[in-house]
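Each value in this text was obtained by applying a stated rule to the coordinates, not by laboratory testing. All values reported here derive from a predicted model rather than from experimental measurement. Because the Cβ atoms are built from the backbone with ideal geometry, glycine has one as well, and the counts that use them run over all protein chains shown.
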């Protein structure tokens, strides 16, 4: 994990810059099936390998929300945190786009960019990071999402 602790001023200088790129993560059928079990989303395009082989992608694909759910995992690898932070909470998302399906057997990684800082008060700083989930060997990303974290200081 790479964590940088910076002043608000230094963080503002980094807006628009890449924070880091994660290692590749393989999306196998077991992961897809477990996600389907968790979410009760068992659409055939995700879990029926035989039927999916005859479908539009030639194999099963990961749920879009499986890809989105991995943002918290990827976020653990790279972060820029305001000085004096005592606690961090997931504050939600501004925008999520699922641009390209992730076929079973693919490897994905996350390219994270610091996108914005909003000082709400002396003790609360809202940070926006843009996550671009890439699929190995593909030009078009699987997902682009703006993820928000609220940092509490003091």
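In this structure, residue 14 and residue 126 have a Cβ-Cβ separation that, at R0 = 22 Å, corresponds to a calculated FRET efficiency of about 0.90. Once the Cα-Cα distance is subtracted from the 0.36 nm per residue extended length, the residue 119 to residue 39 segment shows a gain of 25.3 nm.
To the nearest ten degrees, helix 29-39 and the longest principal axis of the Cα atoms of the chain are 70 degrees apart. Taking label points 7 Å from Cα along the Cα-to-Cβ direction, residue 140 and residue 7 give a separation of 4.5 nm.
Summary value for the stretch 18-154: 29 percent relative contact order, contacts being C-alpha pairs under 8 angstrom separated by 6+ residues.
Here the label points at residue 152 and residue 99, each 7 Å from Cα along the C-beta direction, are separated by 3.5 nm in the simple model. For 102, 3, the sequence from fewest to most other C-beta atoms within 10 Å is 3, 102. Computed extension length for residue 88-residue 49: 10.1 nm, one decimal, from 0.36 nm per residue of separation with the Cα-Cα distance subtracted.
Dividing the alpha-carbon radius of gyration of the stretch 15-154 by the rule-of-thumb value 2.2 N^0.38 Å gives 1.18.
When both bridge partners sit in the stretch 1-134, DSSP labels roughly 75% of those beta bridges antiparallel. Which FRET efficiency value, to the nearest 0.05, is calculated for residue 59 and residue 24 with the Förster distance at 22 angstrom and r the Cβ-Cβ distance? Computed FRET efficiency for residue 59 and residue 24: 0.75.
Pairwise alpha-carbon distances in the stretch 79-151 exceed 22 Å for 33% of all pairs.
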